[in-house]
Amino acid sequence: MSRYTYDNNDIIYALASAWGNSPIAVIRVSGDGSIKKFSELFSASETLLKAFSHTIHYGKIIDPDSKEAVDEILVAIFRDGRSYTGQESLEINCHGNIIGIEAIFKVLEKQGFRSAYPGEFTFRAFMNGKVDLTQAEAVMEIVNSQSEIAHSLALKRLEGNLFNLINEIKIKVVDALAVIELQLDYEEDEIIDETHFPKEAIEGALKRVESLLDTYTIGRLYSEGCRVVLAGSTNTGKSTLFNLLLKEERSIVSEIHGTTRDYIEAKTHLEGIPISLYDTAGLRDSKDSIEQEGIRRTRGLIKESDLVLLVVDSSIDGYKLSPEEQILAKEEKTIVVCNKTDLGNVAVLEGSYPLSAKTAEGFKTLKEEIVKRLQKGSPKTDGSTVVIESARQKKELNRACEALKHSLEYFKETLPLDIIAVELNEALDALGSLSGEVTSEDILENIFSNFCVGK
Amino acid sequence: MDYDAIVIGAGHAGIEASLALARLGNTTLVVTQNLDAIGRLSCNPAVGGLAKGNIVREIDALGGEMAHLIDSTMIQFRILNRRRGPAVQAPRAQADKFSYHRLAKETLEAQKNLYLFQDTVVDLLLNKEGNKVEGVITQRGHKISSKVVVMTTGTFMEGKIFIGSFVSASGRIGEPAAIGLGSSLRRIGFEVGRLKTGTPARVRKSSLNFDAMTEQPGDEVMLGFSFRDKKIERPTLSCWVTYTNEKTHKIIEDNMDTSPLYGGLIVGQGPRYCPSIEDKVVRFPDRLRHQIFVEPEGLGTEEMYLNGISTSLAEDVQEAFIHSVRGLEEAQIMRPGYAVEYDYLNPLQLYPSLETKKLANFYVSGQTNGTSGYEEAATQGLIAGINASLKLQNREPLILSRSDSYTGVLIDDLVTKGTNEPYRMFTSRAEHRLNMRHDTADLRLTPIGYDVGLKSEQDLETLKQKVEKLDVIKELLNKTKIGSKKASDVLRQPDVSIDDLIVEIPSLGEFERSLLNQSELDLKYSGYVERQNRQAQKLNKMEKIVIPSSFDYSGIVGLSTEGKQKLTAIKPHSVGQASRISGVRNSDIAILMVHLSRGKKDGGA
């Protein structure tokens, strides 16, 4: 049921700019009839309908239910055939904060627009002859990204734990649905088995879906940002790495105190994640009272941080971590960086990331690891390792959550079982899109193995 | 050519296939092993049931016969699952077995263009190239030619029955199997497999103690399966319920060694949804009792059918365990229960038209395709007959979709996924279940039946009037206000029924009961139907992208090896069907779509 259709006729949207806070964000929309459909949400709808292709228009995007303006926007329109996808398209330039973008997404969904699968815009471009179809290799690439989404392939990317958890929930729902389908597929007097409404199974599934949804930290991550601390002894190259991290993005450096014995804070972005970056005083025993105060602050910062980059000088022969550094290195939120690889004579510690902050060699890998760690959800959460990461996962889990709630409500309102089954199927469809489809054969299999049926 | 069409077999599939062919103007010969066995109800004496009742009404809506046969021969009628929701309610009727058979035979005999002949088909006549059927060869040596052949052999092709250690080449007890045809099909190159099913003992009514059982009467009002038969006036008989007990189970367990199933004599796969009593005892050892429905086989017979305890244990064991059941202590067994194993054709070898891919003009339907149930067989027979006739007229085949009928679901499942156990229809197999209520079969299918040529102008006119009335009721409900609310909104509330509204809107009382019910359901379910359709919608769009049957998969770069093999073998008629084939990946479908759309743009096929 959850197979992706490769259907080119509905209207899709996606954020074209990076997912994060920025001055301006761009949302791309493609599909036949999209201009007319969008005009119904636009304050200057008449202007938009009459406008020529490749023109830009100012107006407000209006929530069709509340009639309230959601954002001020600029809309570029592309008439049929004259866009990237070869379809009628729009580009919405809106304010670039996450909450505002999500509000616009909500309005678009209300209008029947669908969130695009990765690669789907390019796929449409292929289908409409906008990209050279004979480039078989490129086709395969796109096709692969298509299939990834629709089906379980995408799920290989899922954390094993999350995959298992979703499967467990799915089994609960299948169990519940089997009890209902049993009653729909066999006559009342043909079943002697206990067939109570599977309220507990549904409630259990719902509870787990809800707690999984609670782990969705990415919203928090992107709106509140996170703290990354550079720690390590003096002269290991922390400041060089600090500057390197700032050089990558447009950043604002604001020195808190001018002394190197205190710390420096800078604001920057990594892959759209707002980051407060701290360059700290070296960790070591010191008798200097000012330095001691700096070290105390450093320890405080490390405690409150989301991620620690422990920088060591790998060029020093026989370098050893101090006892405090050793403890820090074992913490989950710590990445050990072996700096100064450009000096040769390198002793890279196990599990650490080699880097030359000077030549930027190894920086790309390190940066990817930093982003990966941050996106994994904050280690400050309740400590459970299973978290959901993507907006798509959240969306599907929300769908499952709503459907399960409906099924319980309908039971309370004594609606017939065939209607309740629609909701449970909806929940399975949503869960199935995250961890593989459930077919009617699976349900029947469950019935035949758990119930003694048949005259 | 001797005939336009030959139909092999005169069971529930053969009846529908031959009537459809003859009614559409083709001279049609039915070859059956025994004219006295036309339309026999080999197993339970009932027609309809959940999902199956919907199928019977679909057959009627398309112009088939089954509904008329049961309407004229029923001895009990019930609407099942009244409490569980209208989408899964269905009619079921107990049949008078003898009358059913007799009426079936009379109907065939009365049909213009239809000829009946008793003999056994043992081989097919093929053209020189060996890729097209041209007739049949019979046991007595007749070579009969025809343009199309529909095969409906049921359990008879190389059939074998088992009772304990007794084995006999039969399709039903006392009736010889059809030997030879299975081997011929294997020789031609068809993939032929074995399936198994079973039936319980029949006992004598006057030997039973009904005081020890619970009576199960039918509904007071008998309704017709056919949209033409409004109300049925027929004598009605009760069924009775009793239970097995621990003693019964002990006897069965102790004598399991007499079972041909557990002894390994039977190789065919049996149905999991309808297990034998020995299966139930083994698989559910914690259960202390199993239900038995004691059902009359007809008005003029003492035979009673013991529904729920089909078995192939030795006869003395059958007698012992039956006698351990309350009410059956003195039961005289008139016919023993038995298992039957038979040849079936893997239905993946068929197009959705039910024509075989290997042999042109050769159609297969019914239990031969791996299904079980009279209704499943009949509707396939009807579709095979219709499509054989359409082929003779050079018209496109009739392929019903998964969204408009159980028949569409049935055939799509068979030809797309195949089956390795007897396939029974369940409502849960249908994604569009809410749209496939039994009372809307005429709205869904009668226009198609008319287009095919089996439904008359008058049938269509009747349907039109019904639709108009439904519109009037809908309008009435939308326009009338009750208090400040629209009547239709009031009716949407779960605790309000249309009966409550008749008081407020007296003009509703002028309409037939069935139309009011239908309007109520349409209204109450509209929101949920929408939701269900959204779930199933993705599917629909791909259904419409047709793949030409000549499409060559071998040259397509990027298809997975398994996908290529499966697509080449199954030859799906649409991208939708292709997407349901196991082993075909989403990336295969995407590549296929790119190629199909490129073909269109280049102007090629």
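A short reminder: the numbers here are calculations on the coordinates, not readings from a lab. Source: prediction; values computed, not measured. Glycine also receives a Cβ, built like all others from the backbone with ideal geometry; neighbour counts cover every protein chain displayed.
Let me know the mean shielding of B:298-311 by other chains, meaning the per-residue number of their Cβ atoms within 10 Å of its Cβ.
Averaged over the peptide's residues, the number is 1.
Per-residue mean of other chain beta-carbon atoms within 10 angstrom of the beta-carbon, peptide B:578-591?
Taking the mean over all residues of the peptide, I get 5.
Neighbour counts of other C-beta atoms within 10 Å: give me B:571, B:541, A:412 arranged from fewest to most.
A:412, B:541, B:571
Most exposed first by the Cβ proxy, i.e. fewest other Cβ within 10 Å, how do A:29, B:267, B:490 rank?
B:267, B:490, A:29
From the cross-link list B:196/B:566; B:97/B:230; A:412/B:466; A:60/B:541; A:207/B:280; B:143/B:358, which pairs have alpha carbons spaced over 24 Å apart?
From the list (B:196/B:566; B:97/B:230; A:412/B:466; A:60/B:541; A:207/B:280; B:143/B:358), the Cα-Cα distance tops 24 Å for B:196/B:566; A:412/B:466; A:60/B:541; A:207/B:280.
Considering Cα pairs under 8 angstrom that are at least six residues apart, work out the relative contact order of the range B:544-605 and quote it in whole percent.
36 percent
Mind sorting A:269, B:101, A:196 by how few other Cβ atoms lie within 10 Å of their own Cβ, fewest first?
A:196, A:269, B:101
Let me check against my output: what whole-number percent is the relative contact order of the range B:202-340, with C-alpha pairs under 8 Å and at least 6 apart?
38 percent.
Hey, can you grab everything whose amide H is under 5 Å from the amide H of residue B:25? Only 5+ residues off in sequence or another chain; H modelled, so Pro and N-termini drop out.
Answer set, sorted by chain and number: none.
May I ask you to derive the relative contact order of chain B, considering only C-alpha pairs under 8 Å and at least 6 residues apart, and to give it as an integer percent?
17 percent
Expressed as a whole percent, how much of the Cα-Cα distance distribution for the protein assembly as shown exceeds 42 Å?
Distances greater than 42 Å cover 51 percent of the Cα pairs.
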